[in-house]
1. Which residues, counting only those in segment 235-254, are of a type outside the set (S, T, N, Q) and either open to solvent by 90 Å² or more (accessible area, probe 1.4 Å) or part of a loop (DSSP other than H, G, I, E, B) (or both)?
2. Residue by residue through segment 194-234, note down the ones that are open to solvent by 30 Å² or more (accessible area, probe 1.4 Å), away from the ligand (no atom under 13 Å from the Cβ) and either touching a residue at least 12 places away in the same chain (Cβ under 8 Å) or of a type in the set (S, T, N, Q) (or both).
3. Any chance you could count how many residues in segment 139-158 are touching a helix residue (DSSP H, G or I) at 6+ places or on another chain (Cβ under 9 Å), open to solvent by 30 Å² or more (accessible area, probe 1.4 Å) and either outside any helix (DSSP H, G or I) or among the β-branched types (V, I, T) (or both)?
4. Does D53 satisfy the criteria of being within 12 Å of the ligand (Cβ to nearest atom), acidic (D, E) and open to solvent by 10 Å² or more (accessible area, probe 1.4 Å)?
5. Go through segment 10-42 residue by residue and tally those that are open to solvent by less than 10 Å² (accessible area, probe 1.4 Å) and polar (S, T, N, Q).
6. Can you confirm whether segment 162-174 contains a residue that is in a strand (DSSP E or B), buried (at least 20 other Cβ atoms within 10 Å of the Cβ), in contact (Cβ under 8 Å) with a residue 24 or more places away in the chain and within 10 Å of the ligand (Cβ to nearest atom)?
7. Can you list the helices (runs of 4 or more DSSP H) found entirely within segment 1-91 that contain at least 2 residues being in contact (Cβ under 8 Å) with a residue 60 or more places away in the chain?
Amino acid sequence: MGIYALTGGATGIGAELRRQLLNEGHNVISVDIQEGDIIADLSTPDGRQLAIDEVRARAPDGLDGFIPCAGLPPVAKPLSLVTQVNYFGVVATVEGLRDLVAMKRGSILIVTSNSAPMIDTEDVYVQACLAGDEATACADIEARDGHTAYAGSKRAIAIWMRRNVVDYAASGVRLNAIAPGATLTPLTERVMADPELGQIMRDFADNVPSGGTAQPDQIANVMRFMLGPEASFIYGAVFFVDGGSDAMLRSDEF
Ligand code: NAD
């Protein structure tokens with residue numbers, strides 16, 4: 001059986017993936033700010049380093065997979081927290097654990113979103129993220145809106161993943177992303193409760209081709225497949241698991 005590390009394992013999609021991996025008999029190291037094997041705040045450089053050091057101590061022989069699943073919604077405040085956790089926390093932990101995953105020729109699965117294509121790659125915020133300029137990205141987003149903070153962080157992390165596929169493959173690591181649509185988790189509940197974004201999200205969910213929202217297991221099932229041996233030729237994919245919303249919005253693009 002394998003050994004996996006994930007972040008954001010306390011609730012929602014991460015908690016369901018953790019449950020499924022444990023159920024299959026794997027060892028799982030869970031990093032989260034609330035509850036887990038390792039308590040770390042991934043919005044800060046110190047928290048990210050703590051997470052990396054503690055995972056390394058628990059998996060000295062390598063990891064079969066790493067899933068940086070922790071994320072904050074568009075209603076988080078300040079907005080720069082979204083940038084820090086959803087983009088910079090992900091890049092730092094992936095880079096910090098890459099060699100452990102390489103030791104087992106394992107897989108890293110980024111969690112982006114069906115909202116990622118809604119923000120242009122050329123957006124200054126996305127570009128600041130991709131340039132690795134956390135201070136500029138955080139300063140820029142404070143003057144903007146939650147949707148841009150969230151979807152832009154997810155756009156940037158998906159592009160970061162695509163840019164790094166060749167390099168990671170050369171060291172034996174398979175890099176991919178999943179792009180969930182609206183899924184019933186505490187994150188979604190926070191958005192639904194927002195006076196402005198709540199109604200927008202409900203209207204959006206009503207119009208998704210499948211109708212409604214996903215349950216966390218509908219996302220985690222696909223994540224487990226993407227991490228496992230049956231997906232061994234999948235590299236650099238952004239796998240939309242969104243009830244058809246991306247196909248509805250961008251029919252001619254893939
Ligand atoms: P969730 O809120 O249930 O889980 C997120 C987890 O991240 C929580 O356990 C939380 O404690 C942890 N976390 C938050 N800030 C942290 C920090 N600073 N340091 C460490 N851990 C921190 O949300 P979810 O819906 O399960 O989201 C999981 C991932 O899926 C996120 O990256 C999210 O952006 C993405 N996603 C979710 C949806 C959705 O509709 N739920 C859609 C697309 C993408």
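1. First, pick out the residues of segment 235-254 that are of a type outside the set (S, T, N, Q): 235-244, 246-250, 252-254.
Y235, G236, A237, D242, G243, G244, L249, R250, D252, E253, F254 - these are the residues of segment 235-254 that are of a type outside the set (S, T, N, Q) and either open to solvent by 90 Å² or more (accessible area, probe 1.4 Å) or part of a loop (DSSP other than H, G, I, E, B) (or both).
2. D194, Q199, N207, P209, S210, G211, N221, R224, S232, I234, listed by residue number.
3. Of all residues in segment 139-158, those touching a helix residue (DSSP H, G or I) at 6+ places or on another chain (Cβ under 9 Å) come to 139-142, 144, 146-158.
Restricting the remaining residues to those that are open to solvent by 30 Å² or more (accessible area, probe 1.4 Å) gives 139-140, 142, 144, 147, 150, 155.
Those left that are additionally either outside any helix (DSSP H, G or I) or among the β-branched types (V, I, T) (or both): 144.
Residues in segment 139-158 being touching a helix residue (DSSP H, G or I) at 6+ places or on another chain (Cβ under 9 Å), open to solvent by 30 Å² or more (accessible area, probe 1.4 Å) and either outside any helix (DSSP H, G or I) or among the β-branched types (V, I, T) (or both): 1 in total.
4. Details: within 12 Å of the ligand (Cβ to nearest atom): no; acidic (D, E): yes; open to solvent by 10 Å² or more (accessible area, probe 1.4 Å): yes.
No.
5. Total satisfying the criteria: 1.
6. Going through segment 162-174, the residues in a strand (DSSP E or B) turn out to be 174.
Retained after the next criterion (residues that are buried (at least 20 other Cβ atoms within 10 Å of the Cβ)): 174.
Applying the additional criterion that residues be in contact (Cβ under 8 Å) with a residue 24 or more places away in the chain yields 174.
Then keep just the ones that are within 10 Å of the ligand (Cβ to nearest atom); that gives none.
Within segment 162-174, none of the residues are in a strand (DSSP E or B), buried (at least 20 other Cβ atoms within 10 Å of the Cβ), in contact (Cβ under 8 Å) with a residue 24 or more places away in the chain and within 10 Å of the ligand (Cβ to nearest atom).
7. Numbers: elements: 12-23, 45-58, 80-83.
Fully inside segment 1-91 and qualifying: 12-23, 80-83.
Condition check ((1) among the β-branched types (V, I, T); (2) under 19 Å from the mean Cα position of the chain (by Cα); (3) modelled with pLDDT of 95 or more) across all residues:
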| position | (1), (2), (3) |
| --- | --- |
| V101 | yes, yes, yes |
| R105 | no, no, yes |
| V111 | yes, yes, yes |
| M118 | no, yes, yes |
| W160 | no, yes, yes |
| I178 | yes, yes, yes |
| A182 | no, yes, yes |
| F204 | no, no, no |
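The values are calculated or read from the model by the stated rules, or taken from the named source; none is laboratory data. Bear in mind that the values here come from a model prediction, so they are computed numbers and not experimental data. Heads up, the Cβs are rebuilt from the backbone with ideal geometry, glycines too, and the neighbour counts pull from every protein chain shown. Just the protein is used for accessible areas: all its heavy atoms, side chains included, with ligands, DNA and RNA removed. Shrake-Rupley method; radii C 1.70, N 1.55, O 1.52, S 1.80 Å.
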